[in-house]
1. Quick one: Cα centre-to-centre distance for segment 70-112 and segment 145-216, in angstrom?
2. Mind checking the full-extension length gain between Q217 and F115? Use 0.36 nm per residue of separation minus the Cα-Cα distance, one decimal, nm.
3. Once you have a ≥ b ≥ c as the square roots of the Cα gyration tensor eigenvalues for segment 124-203, tell me rounded if a/c is under 1.5, and otherwise prolate or oblate according to whether a/b is larger than b/c.
4. Hey, quick one: spin label on E107, modelled 7 Å out along Cα-Cβ, who in segment 190-228 has an amide N within reach, i.e. under 13 Å?
Amino acid sequence: MLDGLTVSRIAIERTVRLVTTARLREAVLLDLVDPDELDALAEIEGSTSNRLRAQDRGFGDINPHEMVFGVPHANFINAAFAYAKPLSLNRFNGPDRGAWYAGFELETSLAEVTFHLTAFLADTGVYDATVEYAELFASFAGEYLDLRPHPNHPALDPDGSVGYPVGNALANTTRASGFYGIVYPSVRNPRGTCLVALVPHAVQSVVQGKVYRLVWQGSPDPHISDVR
């Protein structure tokens, strides 16, 4: 399946992943329990958290030995692989295994999340929402399948019903071949580039950046501002 495709050895100092700020907050229950109840709270969280289950005993298609520990923001890295859409595909991962998606440029990451959120609002028929996203910077180095020389590859079809099944099969073959992930032209920003890491240990040197607020007020075009 990789025949004729390009494999590149890359070293990228900074990419941008956007995650909702809700993922950065401590559990709301922490302020509602006494210190002597924290063990019970941890047990409850462990029974409901995909990330904790994946780290402890595996979850879906994730094995616990794949998780990362002892590195900055390991929880964010592990969560990206432990959580996926339960009933649908993303471009390069399915419901049983997440992935770390990032853009080479902030504008690309914003274009990607804006597209998907706008599509969700279109399904509801109401363009009324406010969402805040935080930047997570990360670096990458290693061998990656490189679709930039192959912009017409069917995995990059803008129609998810066409591109996503092909992309998932391609990602499975890429990971089984020992490559860290895929670099590809952004489907939502024609001038941008994206990267998907298919294994947790590929994600390096994670730090948090700015927070951006996306506001839809009756229009499919959100107002985007940084929250200082």
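Rule-based calculations on the coordinates, nothing more; no lab input. These figures come from a predicted structure and were not determined experimentally. No Cβ is skipped: glycine too gets one built from the backbone with ideal geometry, and neighbour counts run over all protein chains shown.
1. Taking the Cα centre of segment 145-216 as reference, the centre of segment 70-112 is 9 Å away.
2. Details: separation 102, 0.36 × 102 = 36.72 nm, distance 1.56 nm.
Result for the pair: 35.2 nm of gain on full extension.
3. On the way: a/c = 1.89, a/b = 1.32, b/c = 1.44.
Oblate is the answer for segment 124-203, as a/c is 1.5 or above yet b/c matches or exceeds a/b.
4. In segment 190-228, the label zone of E107 (backbone N under 13 Å from the point 7 Å along Cα→Cβ) covers 190-193.
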